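A short worksheet on the structure shown next.
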Amino acid sequence: MPPLPKKKHSKGRKGSRNAHAALKPRGVATCPQCNESKLPHRVCPKCGYYNGREVISSDSETEA
């Protein structure tokens, strides 16, 4: 049989434990090619460049 808690944990104790559980804002980087905002370490959705190279061709984006 598993151990059970002997006493109730207070609201302050629960709040202290959950103090760091809040959502944090996402980091945003700017694309050096088109200066649009994008997520860091990801291909730019506007121009398709990553690390100075074109990873996704812009022709396929205009057809879709």
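Each reported figure results from applying straightforward, stated rules to the coordinates on display, with no laboratory input. This is a predicted model, so every value here is computed, not measured. Cβ: placed from backbone, ideal geometry, glycine included. Neighbour counts: every protein chain shown.
Report, by residue number, each residue of the stretch 3-37 that is under 30 Å from ARG53 (Cβ atoms) and of a type in the set (D, E, K, R). Scanning the stretch 3-37 gives ARG26, GLU36. Among the residues of the stretch 21-37, some residue qualifies, meaning at least one is surrounded by 10 or more Cβ atoms within 10 Å (Cβ to Cβ), touching an Asp or Glu at 6+ places or on another chain (Cβ under 9 Å) and in a strand (DSSP E or B). A search for C-beta distances below 6 Å between a residue of the stretch 9-36 that is more than 30 Å from SER57 (Cα to Cα) and any residue that is surrounded by 10 or more Cβ atoms within 10 Å (Cβ to Cβ), counting only pairs 6+ apart in sequence or on different chains, returns nothing.
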